[in-house]
Every structure is written in structure tokens, then in C-alpha cells.
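In what follows, a structure is listed as C-alpha cells, so that the remarks can point back to it.
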Amino acid sequence: MAVEIRFCRRCGTPTEQRIPELEDRPRACCPHCGYIDYVNPINVVGTIPVWDEGGPEERILLCRRNIEPRKGYWTVPAGFLELGETIAEGAARETLEEAGARVELLGLFSAIDVVRVGQVHLLFRARLLDLDLEPGPETIENRLVTIDEIPWDELAFRTVRRGLELWVQDRRTGSYGTHTEAVG
């Protein structure tokens, strides 16, 4: 995935595409100040929040999106990691912002590369601390669903679908792992 950087972020000079010394791929290089512009993947962080984990009434919290892309479709609470926060802090923040949900993080669950759009999606298993939920402006509504009620055909993104498939698989075996893979 090539990203064209036409001007230097530092001085505004038009950049040149070349392979810098000690590098292995072309980068946007400034011929004036020497700045090399590295374009790296964006981290998306979120949670698979569960109420009554392991119990007979176990439910997963889903959010119906109020923004594009995929407005009106279901997702887990997630969003872009901000500078200055850890992936765990970002996941908890996004869960609070999108669902009004306070959670206890139970560990990193999945890391899914989405190479074609330059993103890495990191989902944590999480336990809801209470049911005092308040959807944020990016969410139309929250819904607690059982495994059988997951709206598979109405999920917003392949990474959400894959994360939930892995969670259901691990739930059924009774052993949660940490999953890494890529989606096209």
C-alpha cells in the first residue's frame, strides 16, 4: 500500500521517493532538510465486553454504529489509539466513549492485521463492571446479546466478525488464547 507524501512535514519542500541509506524500500525524503517520512499502520483498539462471563446468562455488548463507514451496522466498541496512551488504556477509553461501559480488561485477545488499509486491530477480552450503559455520539444503541443472538450478517467489519468468531470458539472450548492473523 503506497502512500504518496508530496511535501515535507517539517519544511514544506517537495519530497523525492527514494530508498534511504540502510533502508529497504522507497520513502518520501526531503532533499532540503533530510527528513524521511515513515508511514506506518494505524492501531485500532477495542474490547469484547461480556456481562456475567462464563455464567448461564453470559452476554456480549455490541454497539450499533452512528457514523460511517458502515453506519447502522453492529460492532464491538473500538476506535483509533491516541498518542500518549497504551493499547489497554485506549481500548478501555474507546469502550467508555462508544458504549458508556466501564470494563475490567482480561488480556489481549486478538491482533488482526488489515494490510490493505494499513491498520492493526487489537481487541481485549473484557468484563463489564455494571450495566449502567450510555451510548456515546458514535453509537445509535447498545445491545447485550447471547452467542446465539450475534447478528453475524449485520456486523460492520471483517475484523469484528473474526474477533467474535474466535471468542465464540474459545468460549466453547473453555480456554481463551491470544490470536494473531491477517484479513484481506
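The values are calculated or read from the model by the stated rules, or taken from the named source; none is laboratory data. Predicted, not measured: the structure shown is a model, and the values here were computed from it. As a convention, Cβ positions derive from the backbone with ideal geometry for all residues, glycine included, and neighbour counts pool all protein chains shown.
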Pairs with Cβ under 6 Å, 6+ apart, first in the range 11-22 and under 11 Å from Tyr35 (Cβ atoms), second among the charged types (D, E, K, R) and surrounded by 11 or more Cβ atoms within 10 Å (Cβ to Cβ): Pro20/Arg27
Determine which member of the set Thr95, Thr146, Thr173 is of a type in the set (Val, Ile, Thr) and within 18 Å of the chain's Cα centre (by Cα). Thr95
Output the residues belonging to the range 10-21 that are in a loop (DSSP other than H, G, I, E, B) and closer than 24 Å to Val115 by Cβ. Thr15, Ile19, Pro20
Condition (residue is surrounded by fewer than 16 Cβ atoms within 10 Å (Cβ to Cβ) and polar (S, T, N, Q)) applied to the range 84-97: is it met by at least one residue? yes
Taking the condition among the aliphatic types (A, V, I, L, M), out of contact with any Ser or Thr (no Cβ under 6 Å at 6 or more places or on another chain) and in a loop (DSSP other than H, G, I, E, B), does Leu83 pass? yes
Condition set small (Gly, Ala, Ser) and not in a loop (DSSP other than H, G, I, E, B), scope the range 22-47, selection nearest to Gly163 (Cα to Cα): answer is Gly46
Which residues, taken from the range 25-44, are at pLDDT below 95 and exposed (fewer than 12 other Cβ atoms within 10 Å of the Cβ)? Arg25, Tyr38, Asn40
